[in-house]
Amino acid sequence: MKVPVTTLANKKAGDIALDDAVFGLPERKDLLQRAVRWQLAKRRAGTHKVRTVSEVRGTTAKPFSQKGTGRARQGSSRATQMRGGATKHGPQVRDHGHDLPKKVRRLALKTALSAKQSEGKLAILDAAEMAKPKTGDLAKRFAKLGWQSVLVIDGPEVDENFARAASNLPGVDVLPQQGANVYDILRRDTLVLTKSAVEALQARLK
């Protein structure tokens, strides 16, 4: 399929052919959900933790006599039912990440790209470059293009001036093509690919 190419000045710069094997797949919400869960699970710190009986501060002495007090028998002031005692079966430090087959990850990324294309929320940019890192200038150009919540994916290397100008814009993310992922594509309303990003992604995912 052919889609128009635009510039940051909102002028047409020809057309580009998109491979149907990468940008023309049917929508698979199950694959997108699996990929997003896999990404979010990997970034979880897993540092939540409660103290067990061996870690709670306190004496190991019996708090009071076994008999004659009229109270229920107790063997330790660090037990779960005691005030300031331990917590049973609470969270411990662990890794929340899980495996996802490489083929599923590749197919999910292609599905995310295809979903943006089918929804009409994919834009192709001639080049993501700026002469000076001016956030105000980039904001005006995005306003003319109608981009508010946008993910810009460039080629192997991102233009430094463009990245610095976009870093202060809310709702705008900039990634190199090797950093393209399902979660970031779906969390922004518009996906913008440069011509070099299209070529790199098609060569990588075809």
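The values are calculated or read from the model by the stated rules, or taken from the named source; none is laboratory data. Everything quoted here is computed from the prediction, not taken from an experiment. All Cβ positions, even for glycine, are placed from backbone atoms using ideal geometry, and neighbour counts span all protein chains on display.
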Close pairs from region 178-206: first in the same structural domain as I124 (by TED's automatic domain parsing) and at negative phi, partner acidic (D, E) and crowded, with 21+ Cβ neighbours inside 10 Å, Cβ under 6 Å, at least 6 apart: T194/D154; A197/D154
Residue, nearest to L32 (Cα to Cα), within region 76-92, restricted to residues that are out of contact with any Gly (no Cβ under 6 Å at 6 or more places or on another chain) and hydrophobic (A, V, I, L, M, F, W, C): A86
Residue selected from region 1-31 under the condition of a type in the set (K, R) and touching a residue at least 12 places away in the same chain (Cβ under 8 Å), by the criterion farthest from K88 (Cα to Cα): K2
Pair list, Cβ < 8 Å and 6+ apart or interchain, from region 40-60 residues that are under 30 Å from V182 (Cβ atoms) to residues that are among the small types (G, A, S): A41/G97; K42/G97; R44/G97
The lone exception for S114 - which of (1) assigned to a loop (DSSP other than H, G, I, E, B); (2) touching a Pro at 6+ places or on another chain (Cβ under 9 Å); (3) surrounded by 15 or more Cβ atoms within 10 Å (Cβ to Cβ) it fails: (1)
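Taking the condition more than 30 Å from K110 (Cα to Cα), assigned to a loop (DSSP other than H, G, I, E, B), within 36 Å of the chain's Cα centre (by Cα) and not hydrophobic (A, V, I, L, M, F, W, C), does K67 pass?
No: the conditions fail for K67.
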Cross-chain or 6+ apart pairs with Cβ under 6 Å, region 134-146 first and basic (K, R), then crowded, with 16+ Cβ neighbours inside 10 Å: K134/A165; R141/L8
Exclusive hit being touching a residue at least 60 places away in the same chain (Cβ under 8 Å) and either among the small types (G, A, S) or surrounded by 13 or more Cβ atoms within 10 Å (Cβ to Cβ) (or both), set R34, R78: R34
Selection count where residues are surrounded by 14 or more Cβ atoms within 10 Å (Cβ to Cβ) and assigned to a loop (DSSP other than H, G, I, E, B), scope region 124-133: 6
